[in-house]
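Here the structure comes first, spelled out in structure tokens, and everything after it is commentary.
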Amino acid sequence: MLDTPIAFIIFNRPQHTRQSFAVIREQRPSKLLIIADGARAGHPTDAARCRETREIVAHIDWPCEVLRNYAEANMGCKRRVSSGLDWVFEQVEKAIVIEDDCLPNQDFFSFCDTLLTRYEADSRVWVITGNNFQNGKKRGDAAYYFSKFNHCWGWATWRRAWQHYRVDIPFWPGWKDTVDWVKKLPDPVERKIWSGLLDRVQRGEIDTWDYQWTATVWYHGGLTATPQVNLVTNIGFGPEATHTVTADDQAGLPVLPLGPLTHPTVVKQNLVADRHVLNQNFGGSSHPDRFNNQLRRRKEQLFRSPQWALKKLKQAFGSRG
């Protein structure tokens with residue numbers, strides 16, 4: 001039985017909910033908090049699908065305190081998830097959060113459980129994620145490292161961290177013009193990407209809650225404990241997804257066992273790992289400004305040192321010989 005409470009977020013996808021709930025059932029949590037959104041107006045199948053999804057979690061067959069927070073009408077991703085998690089952390093001091101399309105490896109739960117205890121009073125650590133997007137590259141010598149990216153396809157946190165969350169990010173307009181913003185995101189391409197995202201979120205152009213959570217963690221200087229292997233796969237890629245929309249259902253990133261849970265000797269951001277996430281997950285390497293910046297630097301080098309340009313030309317032509 002798992003003593004750490006689990007917050008389970010569901011909506012209208014019974015086929016995904018059956019899979020993720022089966023994994024939760026195996027853990028037999030002593031406390032389960034279920035958040036559900038309501039059917040969307042104008043979607044003729046939503047009401048039936050929402051009922052079917054809620055029916056899956058209606059009967060708990062192990063000793064468990066169950067709390068439910070169900071919306072009667074559709075609130076949308078932004079308001080439903082954020083208000084639901086506000087409710088969760090009014091009830092409990094810490095929780096593991098799983099959405100209906102996130103399928104965890106069994107090691108995910110022990111990983112979160114152990115680290116929630118280990119870093120409970122450490123104000124530097126704000127999130128524990130089950131996600132790893134390093135493409136097999138190990139970062140450091142421990143079983144996990146620390147990142148500024150709080151990936152949320154299966155994660156955990158404490159009330160002490162979530163209490164700072166505001167879905168409308170009121171600090172953003174003033175923060176984006178400060179030295180602290182530049183310090184937290186020293187790469188100008190990264191600042192441009194995230195300024196665009198957060199501006200769009202605040203204008204109501206993106207119906208989401210998670211970019212705001214990332215901004216909150218950054219604003220307060222928090223870090224995320226990140227496993228060396230991927231512990232949660234997202235099975236929600238498909239035509240019925242809210243954000244991960246694809247033409248056909250697609251398999252998520254595979255999960256792997258974590259192995260021995262060894263701990264880093266220092267709590268410090270892994271800059272190499274985060275550079276990889278920026279480039280691969282947020283388009284940093286392909287951003288037009290990246291190419292323009294590189295071109296400008298090359299021009300500056302050429303004017304400063306014609307010998308450098310000559311050397312590069314010799315190298316290029318020599319490699320063709």
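Descriptive notes on the structure:
- GNM top mover of Arg49, Arg28, Arg118 - the chain, alpha-carbon springs below 10 Å: Arg118
- Reachable aspartates and glutamates, given that their alpha-carbon falls under 17 Å from the alpha-carbon of Lys311 and they are not under 8 places away in the same chain: Glu300
- Rounded accessible area of Leu271 (nearest 10 Å², 1.4 Å probe): 120 Å²
- Considering only Pro104, Pro264, Pro44, the Gaussian network model of the chain with Cα springs below 10 Å gives its largest mean-square fluctuation to Pro44.
- Greater than 23 Å apart at Cα, pairs in Lys78/Lys138; Lys138/Lys183; Lys137/Lys268; Lys137/Lys192; Lys184/Lys268: Lys78/Lys138; Lys138/Lys183; Lys137/Lys192
- Cα-only Debye scattering, the chain: base-10 log of I(q)/I(0) at q = 0.10, 0.12, 0.16 Å⁻¹: -0.63, -0.87, -1.47
- Linear extension gain, Arg118 paired with Trp175, 0.36 nm per residue minus alpha-carbon span: 17.4 nm
- With bins 5 Å wide beginning at 0, the percent of Cα pairs of region 152-240 falling in each bin runs 2, 11, 21, 21, 20, 16, 7, 2, 0.
- Calculated FRET efficiency for the pair Arg160/Ile60, C-beta based, R₀ 35 Å, to 0.05: 0.80
- The residues of the chain have, on average, 49 Å² of accessible surface per residue, using a 1.4 Å probe with all protein chains present.
- Rounded to the nearest whole angstrom, the semi-axes of the ellipsoid equivalent to region 87-207, taken from the Cα gyration tensor as √(5λ), stand at 26, 19, 15, largest first.
- Computed extension gain for Leu261 through Asp199, at 0.36 nm per residue and net of the alpha carbon distance, reaches 18.4 nm.
- Extension gain, Glu72 to Ser286: 0.36 nm times the residue separation minus the Cα-Cα distance gives 72.7 nm.
- Placing pseudo-labels 7 Å out from each Cα toward the beta carbon at Val182 and Lys311 gives an inter-label distance of 3.0 nm.
- Protein accessible area in the chain, 1.4 Å probe - carbon and sulfur %: 53 percent
The values are calculated or read from the model by the stated rules, or taken from the named source; none is laboratory data. As the structure is a prediction and not an experimental result, all values here were calculated from the model. Glycine gets a Cβ as well: all are built from the backbone with ideal geometry, and neighbour counts include every protein chain shown. Protein only, heavy atoms only, side chains kept; ligands, DNA and RNA dropped before computing areas. Shrake-Rupley method; radii C 1.70, N 1.55, O 1.52, S 1.80 Å.
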